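The values are calculated or read from the model by the stated rules, or taken from the named source; none is laboratory data. Every value quoted in this text rests on a predicted model; they were computed, and no experiment measured them. Positions of Cβ are generated from backbone atoms using ideal geometry, with glycine treated the same way; all protein chains shown enter the neighbour counts.
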């Protein structure tokens, strides 16, 4: 599944590119949904939004077999959150300045970093053998 050297050294195939795009779109959807939920039910909504983001990040890593699977939805999530942070000329906004908003922004970034750094690759399949035998 996973080749040594990370996701940048793997050949680009149409299926792999489609998976990255799909994960980025899923990250945008989770980021937008989390922005609406985190303020609606403060402690529970914030936890639900961060758990949803963690699920997408870890699911992407598991599906693609490496840290690149965390990167694609994290970029989509961050893009959605940054776009929704900007207020419009009419005065409309999604994020209000408050504790829940800042916890969601920093918590989502922290969850993405944790998912990318704690990722443990799968063990290679095959018989267990010691080198030199």
What residue, among those in region 40-65 that are buried (at least 18 other Cβ atoms within 10 Å of the Cβ) and within 15 Å of residue 101 (Cβ to Cβ), is farthest from the chain's Cα centre (by Cα)?
46
Which members of region 46-61 meet the condition of being free of Cβ contacts under 8 Å to residues at least 24 places away in the same chain and touching a helix residue (DSSP H, G or I) at 6+ places or on another chain (Cβ under 7 Å)?
48, 52
Does residue 69 satisfy being within 10 Å of residue 31 (Cα to Cα) and either within 10 Å of the chain's Cα centre (by Cα) or buried (at least 18 other Cβ atoms within 10 Å of the Cβ) (or both)?
no
All-but-one check, residue 93 against (1) modelled with pLDDT under 75; (2) surrounded by fewer than 10 Cβ atoms within 10 Å (Cβ to Cβ), failing number (2)
Looking at region 62-91 only, could you name the residues that are assigned to a helix (DSSP H, G or I), in contact (Cβ under 8 Å) with a residue 12 or more places away in the chain and farther than 20 Å from residue 34 by Cα?
63, 64, 68
